[in-house]
Every structure is written in structure tokens, then in C-alpha cells.
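Below is one structure; the comments refer to it alone.
Each value in this text was obtained by applying a stated rule to the coordinates, not by laboratory testing. Note that the structure is predicted; figures quoted are calculated from it, not measured. A quick note on method: Cβ atoms are made from the backbone with ideal geometry, for glycine too, and the neighbour counts reach across all protein chains shown.
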């Protein structure tokens with residue numbers, strides 16, 4: 001240790017040693033930064049980074065060595081052999097290239113340690129190659145112990161330094177530690193290696209004249225290093241700017257809608273979070289949230305295609321953006337849904353005026369290249385004046401108000417009211433109660449007779465669902481079925497209904513058919529056909545006795561899938577009926593394409609059919625259509641004898657309705673289905 005200190009303090013020029021240290025620190029700082037980016041770079045960029053970082057680090061090692069050699073004052077004539085001096089620079093660059101290659105292309109857990117050790121070895125190879133270029137009037141001899149120590153210092157500190165340099169997300173701490181350790185590896189190795197020198201002067205050895213003097217060597221070193229550092233800093237600066245620009249573009253893409261260029265839902269979430277802080281800190285701050293949903297947009301897509309729909313959205317987005325004033329913000333949060341936020345107002349009238357501006361801009365005709373379309377807008381408004389100071393709560397309330405505006409043809413703009421909140425809470429409570437009803441056995445089945453038109457004898461039963469709420473009593477299907485369909489609970493409820501109906505029908509002594517309604521959400525389940533087959537197998541009901549009733553809307557939503565499901569069910573023997581015929585998208589193509597076993601005329605056409613010419617014409621047309629396609633027709637909602645006589649005269653196949661009695665309980669139904677008596681023709685003439 002004393003020998004190293006003596007070499008450094010007694011045989012070196014302090015100023016040049018400081019210059020060597022400065023060059024070393026500068027080069028290593030830059031090298032660490034570039035080396036750290038190797039693992040994050042891809043393909044060609046990685047190769048460029050690899051070459052650049054290796055060239056800078058290798059030149060740094062070389063420059064540090066030779067500036068330190070210029071600082072070395074042996075007290076006798078000396079010089080540098082040009083070729084070997086150049087080879088030492090090449091050795092440094094190639095050595096660091098090998099180290100960085102290990103780091104860049106080796107994913108092992110010890111890759112950084114190995115790369116750092118190779119770096120330290122490269123420093124040593126460069127040093128001792130450079131010392132071969134050092135010419136003196138005599139001979140250099142080496143102490144093996146100090147030589148080995150210099151190699152150990154270079155490889156040990158190099159491995160340690162690369163551990164920090166290779167860590168993801170370099171950070172200031174890791175950058176400083178890696179720089180200190182690698183500077184220590186270079187300088188420690190150099191001065192320990194210099195301490196290993198023993199000089200034996202000889203009058204028989206002369207320093208050749210064709211050598212590089214200290215002055216020329218100094219200019220060469222500073223020229224090479226200056227050029228390399230200039231290139232390095234320029235490259236690092238360019239890459240930093242490119243990365244900053246890429247991050248800016250990525251952040252913009254993450255927070256903006258690619259179709260319209262408007263801020264998106266993520267932007268809105270961040271904005272509302274910031275707004276919440278401002279509203280909490282400043283009691284005078286006010287905010288309004290407006291939810292905007294386009295009307296007739298689905299029709300535009302269906303009629304003109306999605307390309308035109310995208311153009312419409314772009315046009316609407318541009319119009320909305322042009323309406324923005326100071327403290328007004330608009331984001332697109334969904335397909336045809338936008339959210340606007342207004343701040344800095346004093347009266348609610350200012351918010352409603354903003355809503356009117358937005359609405360007026362949307363409803364103007366949109367002239368495209370080949371078509372002119374018109375859409376509407378439903379706007380819900382909630383403000384911090386009355387509805388609270390939580391922006392997320394305001395967003396929820398404006399959403400409720402928007403749906404109220406959408407359902408009210410007379411008003412396109414609707415301000416939130418407590419009545420909407422009450423209805424929303426009631427709906428949430430209904431959903432909660434429905435979930436409990438599924439598990440709590442609160443549902444029961446009722447049965448409505450289906451009768452032959454000629455004999456009036458029973459031919460089957462349609463299963464109807466009833467909910468016995470523990471607190472509210474009997475809840476009508478019209479109240480809970482839409483909610484069950486909206487939340488998806490209809491799948492679980494429908495599965496229960498189908499199982500219970502099949503289980504009950506399997507016990508009947510008379511082989512009546514049992515008709516069960518199937519919701520659209522059930523049809524799209526991948527396991528629906530398998531579930532039906534499992535229930536039939538479990539209950540032992542013959543497939544021919546089960547009739548599944550499907551509405552026209554279920555067919556239109558996904559015709560290909562519905563057709564596939566119907567054919568699978570038909571292959572097993574299950575019967576399929578079209579329910580509520582005439583109320584949806586009834587067409588000849590539908591009846592021709594889908595394998596129906598029965599058509600059910602909706603009760604709205606049967607009611608008063610004997611005295612309503614239009615209803616009579618529709619019913620007659622349906623009966624003629626069914627006859628032509630060889631599909632039997634059942635008329636729903638028969639309530640009096642005149643309606644029954646009309647259907648008998650028109651040769652309808654079967655009927656159901658209150659004329660034959662109200663829906664029956666399980667006990668009443670069993671009197672008929674199990675042959676226990678019961679007159680089902682008590683209303684007949």
C-alpha cells in the first residue's frame with residue numbers, strides 16, 4: 001500500500017492526475033448512462049448503443065491511462081511507440097465491447113457480474129498494452145504481486161460497478177454508485193499497476209527518435225477524447241430528446257381517443273381526481289358534469305356502416321370541441337358517449353346554456369361525401385351547487401339524468417333530481433333482492449293453459465315466473481324481468497325455470513307439452529344447448545314435450561348463432577316457437593330461415609280482433625303464412641267468446657288466454673295434468 005501511495009504522491013504531477021480523473025469521471029458517467037440503456041434497446045438500436053458505449057468507455061480508459069502517464073515523472077527521457085499506442089486504444093474499445101455484449105445478450109442472473117469482470121480485464125489489458133508502448137533508456141520490470149493486485153482491483157470493482165449500472169431504471173443513486181466504482185476500477189488498476197514498475201536504466205538502450213513525445217501525446221489524447229465525448233454527448237442528448245418525445249407521444253396516446261383526438265376516459269379519470277382536490281380545498285370552487293349520449297347513432301351504423309359511423313363521431317367531436325370555452329372540457333368516454341365538465345360558473349343557468357350550445361351543435365345535419373345524416377343528443381347535468389362536491393358522484397348523477405333525458409322524448413337536456421337518485425337506489429336494491437331470490441327459493445312457477453281450437457281440450461301449458469318477495473309481496477314480471485336481463489341474472493333465473501318446468505312436467509300423467517320462455521342472454525351462452533340436454537337427462541322429460549319460446553329480437557341480434565343453436569336443439573327433438581310474432585322484425589325471411597315448430601301471435605293483435613279490421617287483417621295474414629309454411633299458429637290473449645269464434649273461423653291451431661282461466665298454481669295445474677279432473681271448457685258456448 002505504501003508503494004502505491006509513494007508512486008502516486010512522489011512520481012506524478014498533481015494537475016495532470018486531476019485532469020485524468022476529470023476525464024475518467026466524465027467518460028464513465030456517460031458510459032454508464034449508455035450501458036444502462038442496452039437492455040431496454042431493441043435490435044438495430046441496441047447495436048448502435050453497444051458500439052457507442054463501448055467506444056466511449058474504451059476511449060475513456062485509454063485517455064485516463066495516457067494522461068496519467070503524462071503525469072508520471074520518471075526523471076529520464078521517454079516516449080511512446082505509435083503502433084502499440086494505437087493498439088492499446090483498440091484493445092480498450094474491443095475489451096469493453098466484449099463486456100457490454102455479455103450484458104446486452106445474456107439474460108442470466110450473473111450477467112452483470114460477468115460483464116463487469118470482463119470490463120476490469122479490459123482495463124488491465126489496455127493498461128499493460130499501453131505500457132508496452134512506453135519507451136525508456138532501459139528496461140521495465142514488474143512486481144508480480146502488484147500486477148496481480150491491479151488485475152483483481154480492476155475486475156472486482158468493475159463487476160461491482162456493473163451491478164449498479166445494469167439495474168432497470170438507473171436512477172441518480174445507482175448512476176453515482178456505478179460511476180464511482182468504475183472510476184475506481186480504472187484508476188485503482190492504473191496506479192496499482194504503475195506501482196508494480198521497477199525501472200532498470202541502461203546506457204546501452206536509446207529512446208528512438210520516431211516516437212511520440214509528451215506534448216504530441218497530450219494533443220493526441222485530448223483530441224481523440226474530445227471528439228469521442230462530443231459524439232457521445234451529442235448522441236446521448238439526441239436519444240434523450242427522442243425518448244422524451246416518444247414518452248410525450250405515448251402519454252398523449254394513452255390519454256386521447258385515437259379516432260377523434262379528444263381526451264379519453266383515462267384523461268377524464270385523472271382530471272376528476274385533480275378536480276376533487278380543488279373542490280375540497282376551495283369551498284368557492286364550482287363544477288358541473290354533463291354526460292352526452294348520441295341518439296340514432298346505432299341506426300346510422302346499421303344503415304350506412306361503421307365507416308360512416310366513425311366519420312359522424314369525428315364530425316360530432318369537432319363540433320363539441322369548437323363549443324369549448326374557458327374552464328370547459330370535453331372527453332369521449334365510450335362509443336357514442338361524451339362527458340363535459342364546466343368550472344368557473346355562478347348560476348345553474350350558465351351550465352344549462354353550455355348544455356344548450358352542445359346540444360345545438362350536435363343536432364345540425366352532418367354532410368359527408370356520399371350521405372347527409374342527422375343524430376340527436378341526450379344530455380344529463382349534475383352540478384356541485386346541489387348534488388355534492390365529489391366529481392365521481394356528479395358523473396354518476398349526470399349519467400342518471402342522461403338516461404332520463406334519453407327516455408323522455410320531450411326533453412333532450414335533463415338536470416339531475418333526487419327522484420332519479422331514489423329510482424336508482426330502488427333499482428340497485430331490486431338487483432340485490434333478485435340475487436337473494438335466486439338463492440333463497442323466492443321464485444315459483446305459474447301455468448297457463450294452451451288449448452286446441454277445435455276441441456278446446458288442453459294440449460299444454462306455458463310456464464310463467466312469479467316472485468314472492470319477503471317484504472314487498474308479489475312482484476310483477478314486468479318489473480323484475482327487464483332488470484334481470486340488464487344485469488345478466490336472467491341466465492341463472494332462466495336455468496332455474498327450465499329445470500323446474502321440466503322436473504314438474506316429467507311427473508304428469510298426461511303427456512302435455514310445456515312451453516318455457518328463453519331470454520336472449522341465455523341463447524348466447526356457449527353451454528346453453530348442453531344445459532338443456534343435461535336438464536332433460538336429469539329430469540327424464542322427453543325432448544318432444546319441451547317447447548322453447550324465442551322472441552324475434554333474440555333472432556335479429558345474432559342470427560348465425562341463433563340458427564346454429566336452434567338446429568342443435570331440433571336435432572335433439574326439442575320444439576321451438578316464435579313468441580310475440582308481429583311485434584318485432586317479423587319477416588318472411590325469418591320464418592323461412594329458422595326452423596320454427598310454432599308461431600305465437602302476440603295478444604295485442606288478438607284483443608278485439610273481431611271488431612278491428614286492421615288486427616283481423618294481420619291475424620288472417622299470419623294464419624295464411626303459417627298454413628303455407630306448414631307451421632301451426634297459436635293465438636295469445638284470448639279473453640272472450642267473440643275472439644275465440646273469430647279464431648275458430650280462421651282455422652287457428654290453438655289458443656291461450658284468460659278465456660280459459662287465469663294462470664294456475666302448481667296444485668290447480670296438477671288437477672288437469674295428472675287427470676284429477678277440472679273443466680277447462682267452462683267458458684265455451
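Annotations
- Annotation: the residues 662, 321, 35, sorted from fewest to most other C-beta atoms within 10 Å of their own C-beta, follow the order 662, 321, 35.
- Region 265-416: Rg to Rh, with Rh as the Kirkwood radius over Cα pairs: 0.99
- Separation of the residue 318 and residue 346 label points, Cα + 7 Å toward Cβ, nm: 3.7
- The order of 580, 327, going from fewest to most other C-beta atoms within 10 Å of their C-beta, is 327, 580.
- For region 265-416, share of DSSP beta bridges that run antiparallel, in % to the nearest 5: 90
- Helical runs (DSSP H, four residues minimum) scored at -39500 (n - 2.57) apiece and divided by the length of the chain put the mean residue ellipticity at 222 nm at -19500 deg cm²/dmol.
- Taken over region 428-673, the percentage of Cα pairs per 5 Å bin, counting from 0 up to the bin with the maximum distance, is 1, 6, 14, 17, 19, 18, 14, 8, 3, 1, 0.
- Rounded to the nearest 5, the antiparallel percentage of DSSP beta bridges internal to the chain is 65%.
- Residues residue 667 and residue 273, FRET efficiency given R0 of 56 Å [Cβ-Cβ distance, rounded to 0.05]: 0.40
- Set the Cα radius of gyration of region 613-668 against 2.2 N^0.38 Å, with N its number of residues, and you get 1.26.
- Compactness of the chain as Cα Rg over 2.2 N^0.38 Å, two decimals: 1.65
- Residue 624-residue 436 pseudo-label distance in nm [points 7 Å out on the Cα-to-Cβ vector]: 5.5
- Take the Cα of residue 561, step 7 Å toward its Cβ, do the same at residue 198, and the gap between the two points is 8.9 nm.
- What the Cα atoms of region 523-661 give is an Rg and a Dmax of 16.0, 48 Å.
- Length released on extending from residue 94 to residue 15, taking residue separation times 0.36 nm less the Cα-Cα span: 25.5 nm
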